[in-house]
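Just below is one structure, and these are the notes that go with it.
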Amino acid sequence: MSNGNKASARFVVHHLGHGGGGSARCRLCYAVAVSFLLSYLILLSGEVSSPAGAPFTSSRCDGRYIFVQELPASFNVDLVRNCCVFSRWAGDACRLADNGGFGRALGGGWYATDQFALELIFHGRMRQYECLTDDPASAAAVFVPFYPGLEMGHHLWRSNASVRDAAPLELARWLRSRPVWAAMGGRDHFMVSGRITWDFRRWTEDGDWGSKLLLLPELVNMTTLIIESSPWHRNDIAIPYPTYFHPSTVAELTAWQNRVLKQSRPWLFSFAGAPRWRPPNSTASLRDLSIEQCRASERCKLLDCAGERAGECFSPLRIMALFESSVFCLQPVGDSPTRRSTFDAMVAGCVPVFFHPGSAYTQYAWHLPRDYRRYSVFLPEEVVRQGNESIELALRKITVEEVAAMRKEVVGMLPRLVYGDRRRGAAEFEDAFDVAVERVIEMVEKQRKQLREGAADDVAEEKNTWRQSLVGANVGDHDWDHYFDI
């Protein structure tokens, strides 16, 4: 094995193992890491093969049991019955709940998955989790299957603050009344949100957007896995947006990896999206600049989703065809720093180009490598605005060898970025769900140890949570401080 592959092996084992835990759990992490490592190293040589899945044994559940807190139907099941109301801003939302949240089936592991369907997908996967328990005392963590995004989607535009807060307040009261809550005051509880953090952090009592769900004391103690987290708070952690691809077997996964790795890519870069409204005479956003520069370049392909063309951005076929034909995919900030497009692009084997560290680097620390240069390009927003160098020129400076290395890295990451379909059998590869659950368990165990030892929680440093995600520590100055000043 070459020195480069040895380094890659150490990298994969480090990031899959996650460290800590008892001996049985270490053996589990090691086994999963070795299985994934074999696939990864073959990928580095230019092709992916299908490793055989290992059977589950009871010992694999030691320290990994999850207790699912059953909720009244008003917190989840009832919300799905009225999801057609979202169709005006989320495509065919009437089919949002089809196939366990994956949406309408397209064949071969592909689905017309809505970007806000993560709550349904995660709950469906949790029902198939191999280490569920009916005994909360033996559980490593407690899953709360509330659908906060679906609930909030019914009230965002036409309701007052008291209506938007009603379900969050009722959830907090209900959880607080359960015996299982008392064990750790909710610190062992977690839930999932398919909408971004800012929909649940209304700072004023009568604000016109969002609820105060994540500001409630009970929810501050809990952990919320969410598609976009706050850089200044610790009670939410970002996990990948759902994509259109939900493979059920290693064969489906590796066949797709091999395809995108070898794909011909006629476009140097591309962008899919629409301009955002801005006041007259105001400064153009990075999104606007990206669209302008793409239009002006003969080496860029633009999928313009403005106005009557908006439906094109809800077409899995159009989106994936664009990204599969592009070397680089631009990911400028839109309504918020993150984009579902980032994960669609990486599934297509396209190298993402970011202009703000909050679009990925400080968000998805559990699922993406800390060394962002391995899989992406960072063009600082201020540099692009100065206009001294176009986006195209900056991308053309990247060598063929560097591009090939980044593309291999992106394709090798795919198992951890997709939510696999486990309805037809046992797990054959570790996916985004598996990574998230294992890290939640680790985090809860750390908090459990702190409670036993009476260790104080350093609330003063919470405003620098983004540094923890980025570099593993939240102290000291950083070159990106100006992006997150508050």
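The values are calculated or read from the model by the stated rules, or taken from the named source; none is laboratory data. Computed from a prediction, not measured in an experiment: that's the story for all the values here. As a convention, Cβ positions derive from the backbone with ideal geometry for all residues, glycine included, and neighbour counts pool all protein chains shown. The protein model used for the area step is the full one, side chains on, heavy atoms only, and it has no ligands, DNA or RNA in it. Shrake-Rupley method; radii C 1.70, N 1.55, O 1.52, S 1.80 Å.
Numbers for the structure displayed
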read-out	value
FRET efficiency for LEU393 and ASP479, using Cβ-Cβ distance with R0 set to 25 Å, rounded to 0.05	0.65
Amide proton proximity set for LYS301, modelled H, under 5 Å, gap of 5+	PHE269, SER270, PHE271
Potential lengthening between LYS449 and SER74 on full extension [0.36 nm per residue; Cα-Cα distance subtracted]	131.5 nm
Links that overshoot a 28 Å alpha carbon limit, given the list LYS301/LYS408; LYS262/LYS397; LYS262/LYS301; LYS408/LYS446	LYS408/LYS446
Rg followed by Dmax, in Å, when region 186-235 is reduced to its Cα trace	10.5, 32
Debye intensity ratio I(q)/I(0), log10, region 115-244, q values 0.20, 0.21 Å⁻¹ (C-alpha model)	-1.22, -1.33
Theoretical gain in end-to-end length, ALA306 to TRP198 [0.36 nm per residue, Cα-Cα removed]	36.5 nm
For region 399-453, alpha-carbon Rg and Dmax in angstrom	17.0, 53
Amide H partners (placed H, <5 Å) of VAL192, local residues excluded	PHE146, LEU225
Of all accessible heavy-atom area on region 112-225, the percent that carbon and sulfur account for (1.4 Å)	52
For THR204, solvent-accessible area (1.4 Å; no DNA, RNA or ligand), Å²	70
Residue-span extension gain [THR283 to SER159] - 0.36 nm each, minus C-alpha spacing	41.5 nm
Ratio Rg/Rh [Cα only; Rh per Kirkwood] for region 254-411	0.94
Region 392-428 residues near the modelled ARG127 label - backbone nitrogen below 16 Å, point 7 Å along Cα→Cβ	420-426
Three principal axis lengths of region 93-163 [C-alpha, angstrom, descending]	43, 43, 13
In Å², nearest 10: area of TYR111 left accessible to a 1.4 Å probe	20
Partners for LYS463 among aspartates and glutamates (Cα-Cα distance below 17 Å; same-chain residues under 8 apart left out)	GLU228, ASP236, ASP477, ASP479, ASP481, ASP485
Cα-only Debye scattering, region 220-260: base-10 log of I(q)/I(0) at q = 0.26, 0.34, 0.35 Å⁻¹	-0.83, -1.12, -1.14
Spin-label proximity, ARG385 to region 331-363 - amide N less than 17 Å from point 7 Å beyond Cα toward beta carbon	332-337, 354-359
Residues with amide H under 5 Å from that of SER248, placed H, sequence gap 5 or more	ASP421
Distance from region 382-438 to region 319-336 (C-alpha centre basis), Å	12
Gyration tensor verdict on region 162-320 (Cα atoms; rounded if a/c is under 1.5, prolate if a/b is larger than b/c, oblate otherwise)	oblate
Cα lying deepest toward the dipole's positive end in region 198-343, options LEU216, ALA321, SER341, charges on Cβ	ALA321
Coil-residue chymotrypsin sites (Phe, Trp or Tyr not before Pro) of region 202-301, DSSP, other Cβ within 10 Å capped at 10	TRP203, TRP277
